[in-house]
Amino acid sequence: MKWVVRFTSILIAGAACTTVLFVQALKPSNDGAFLFFCAWLSRPYVIISAALIKLHFKRDSSVHWHVVAVLVSIGGISFLTDVIFWHPDAQGAIAVLMTPIFQGLAAGLLLPIALWVFRKMPT
């Protein structure tokens, strides 16, 4: 389980750093806008990390939590990459702002599915 925790932590930190680089690529008009976008888009990674740390200290952490964290992190970066670089358009700004909401919805959908899948797996 140790390698899973390390891998997940590194991936979440990398996703948060990549998000900050994406905000820099958006070229916000001032420092306040930059900080707002960084805080807003990094929020899912902070929440995921806090939840995983809390579960780890409660000894309730299992692999399915980490799988969902990895999927949500990769999904968020992939979505931002698509909106900012691959298919930029006039509605891209709204899509960028909706990214943390989409990540929260994805986590809410994936957690019960992952729990069910890992319970069905033979040990």
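Values in this text are rule-based calculations from the coordinates and carry no lab data. Quick caveat: nothing in here was measured; it's all calculated off a predicted structure. Quick reminder, even Gly has a Cβ in these numbers, built from the backbone with ideal geometry, and neighbours come from all protein chains shown.
Data for the structure
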read-out	value
In the stretch 71-94, the residues that are surrounded by fewer than 17 Cβ atoms within 10 Å (Cβ to Cβ), touching a residue at least 12 places away in the same chain (Cβ under 8 Å) and farther than 22 Å from Phe36 by Cβ	Leu71, Ile74
Pairs, first closer than 18 Å to Val46 by Cα in the stretch 1-12, second of a type in the set (Gly, Ala, Ser) and assigned to a helix (DSSP H, G or I), C-beta under 6 Å, six or more apart	Thr8/Ala69; Leu11/Ser73; Ile12/Ser49; Ile12/Ser73
Counted residues, the stretch 42-70 - those being in contact (Cβ under 8 Å) with a residue 24 or more places away in the chain and within 16 Å of Phe7 (Cβ to Cβ)	15
Qualifying residue in the stretch 36-49 (condition: over 17 Å from Ile101 (Cα atoms), of a type in the set (A, V, I, L, M) and surrounded by fewer than 16 Cβ atoms within 10 Å (Cβ to Cβ))	no
Residue in the stretch 95-113 that is surrounded by 15 or more Cβ atoms within 10 Å (Cβ to Cβ) and more than 18 Å from the chain's Cα centre (by Cα) present	no
